[in-house]
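None of the figures in this text is laboratory data; all of them are computed from the coordinates on show. A quick note: this is a predicted structure, and the numbers were derived from the prediction, not measured. As a convention, Cβ positions derive from the backbone with ideal geometry for all residues, glycine included, and neighbour counts pool all protein chains shown.
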Amino acid sequence: MPSLETLTRRALDQDPATPVLEYQGRHHTWGELRAVADAVGEALVAAGLARAAPVAFVPRNRPAAIAAELGMVVHGFTIRMVHAFQSATGIARDVARAEVAAVVAQREDFTPELLATVHQHGLAAVALDLMGASVVEGAGRSTASPRPSPDGEPRIEVHTSGTTGPPKHVGFSFATIQRTMVGQNNLLEARAGENAPPVSMAFPLGNISGVYGTLPPLLNGFTAILTDRFSLDDWRAYQRRFKPATASLPAAGIRMVLDAGIPKEDLAHIKAMITGAAPLDPAVHRAFEQHYGIPILLVYGATEFGGPVAQWDLALHREWGEAKHGSVGRPYGGARLRIVDPETGSELPPDAPGLIEVVSPRVGDHWIRTTDMGRIDADGFLYHLGRADGAIMRGGFKLVPEVIERALLLHPGVAAAAVVGIPDPRLGEVPVAAIEPARGQPAPSPAELEAHLREQVYATHIPVDWRLVDELPRNRSVKTDLAAVRALFPPRGAPDISRRTYSDSINRRPNNL
């Protein structure tokens, strides 16, 4: 079986005039991608990097970023993804923590903060333009002492959302990616027999969906349309233009389609809709299927599993769709699933709720305990029952309230903070924050707190609403009363008549003990 490096080189060596990637209405060819890929790979080799040397990659959804990833794969470098959707301070911090030999990023992301990290740690640096790559001045050689891959082999490491615990980097060897992602990809399999419409690339390149959405299609002969981020308008335009038999949407997108009132005839070509990454409201699920007559095929997976471990297909849906409504499907790709008691760890019988544990062949033969609650019925269908750890699922992003609270406590004007999730009609849940200001300090404004947080956490973690209280509500155990905090915020979509109370709520004590 050819290695991932070999398959990538074969793709780059295709007829250079062949269009492969469309971005903002312009077609880019394999020749253009190869030029950038080779420039990035050669610059890193010239910087002294050997095979499997780790490189921090800050990808934005741009053609040059895809080309750079292909170039790093061809040369066998380990790629450690760093989220681009955060502040300059956050990017610089994450690059420093990645313990790498070099960094590749868009030129716009080489801010003074990142350049300071590059020089402080002796990193080589390559800047990407729209379709070009060049060495950052003064950063042509690496003098860093990077942290190597555990087995000395090249990997792609992505940042988890924290399904199995605190967010962390998890890596997949090139061999695993070749075998289980490039060689086995459920979305590409679902497209078999079509006239191969271009793949839509809308998910961030730096997460597991981005890895799945980039290497497998390009190395399997598909062309692609790249967008900066998901938007319903772009998705509709894609459907009208190519009319694929299989479509995919994030869970929040299902409701967006219903809310937008897209005519049924505009989606009549779709035979199946695939969705995952976040729970789908069963009522929205049923409403979509009843209105459009399109079966929704749910998928359950996580970065820690290397992708999906349970899913529906059309055959299952035809046989079980109504009877198992709300299930996320049966085990997929050789995965094994079980439900265990949260306290004892013992396996539970069918239909008993508990914590989901998974064996995913992509990452090993060991059981991975999640913080997801679920049950498995007698027919082997998995039902996802929510989170056991209070995490907030904002669209497809998992937010751990404690992470946001710890960051807020770094502000000198904050004595205590409580972050909770409230329902949102579009994203499922969004974070909100109640703040107890520090005595003797000016009360911070929402704008100040947002600016502070953007230096500490990802943009997805920023609360959408704030309340200032003289003391956080607490229960009889003197713990923060999360239900009472949640009650401070009106439902999303309803008029927020209490927003004006942010500044004066300091004078109104919520119910405590």
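Quick notes on this structure:
- The stretch 16-56 and the stretch 328-397 have their alpha-carbon centroids 39 Å apart.
- This model, with +1 at the C-beta of Lys and Arg and -1 at the C-beta of Asp and Glu, gives the chain a dipole about its Cα centre of some 340 debye.
- Look at the dipole of the chain built from charges on Cβ: of 140, 307, 156, the Cα furthest out on the positive end belongs to 307.
- Unit Cα scatterers, Debye sum, the stretch 342-475: log10 I(q)/I(0) for q = 0.12, 0.15, 0.16, 0.19 Å⁻¹: -0.61, -0.82, -0.88, -1.05
- C-alpha center-to-center spacing [the stretch 196-246, the stretch 432-471] in angstrom: 36
- Cα-centred dipole magnitude for the stretch 330-406, charges only on beta-carbon of K, R (+1) and D, E (-1), debye, nearest 20: 380
- Sequence-separation-based contact order of the chain, relative, with Cα cut under 8 Å and 6+ spacing, percent: 10
- The HN-Hα couplings worked out from phi for the stretch 324-332 by the Karplus form 6.51 cos²θ - 1.76 cosθ + 1.60 (θ = phi - 60°) are 10, 4, x, 6, 9, x, 9, x, 10 Hz, whole numbers, x standing for Gly and Pro.
- Looking at the stretch 1-147, the DSSP beta bridges with both ends there are about 40 percent antiparallel.
- Among beta bridges that DSSP assigns inside the chain, antiparallel share in %, nearest 5: 60
- FRET efficiency, 1/(1 + (r/R0)^6) with R0 45 Å, evaluated for residue 269 and residue 347 via beta carbons: 0.55
- Exposed trypsin sites (Lys or Arg not before Pro) absent: longest stretch of the chain, with sites in DSSP loops and at most 16 other Cβ within 10 Å deemed exposed: 272-425
- Projecting the Cα atoms of 48, 76, 25 onto the charge dipole of the chain (Cβ charges, centred on the Cα centre) puts 25 farthest toward the positive pole.
- Fewest-first ranking of 460, 89, using other Cβ atoms within 10 Å as the exposure measure: 89, 460
- Counted charge near residue 270, where neighbours are those whose Cβ lies closer than 11 Å (Asp, Glu -1; Lys, Arg +1): +2
- Using a Förster distance of 35 Å, the FRET efficiency for residue 97-residue 323 (Cβ separation, nearest 0.05): 0.15
- Assuming charge only on the beta carbon of Lys and Arg (+1) and of Asp and Glu (-1), the dipole of the stretch 1-84 about its Cα centre is about 240 debye to the nearest 20.
- Taking N as its residue count, the alpha carbon Rg of the stretch 1-144 over 2.2 N^0.38 Å: 1.00
- Proximal charge balance of residue 347 [Cβ under 10 Å; K/R count +1, D/E count -1]: -1
- Scanning residues 5 or more positions from residue 385 or on other chains, those with amide H under 5 Å from its amide H are 373, 374, 375, with H placed 1.01 Å from N in the peptide plane.
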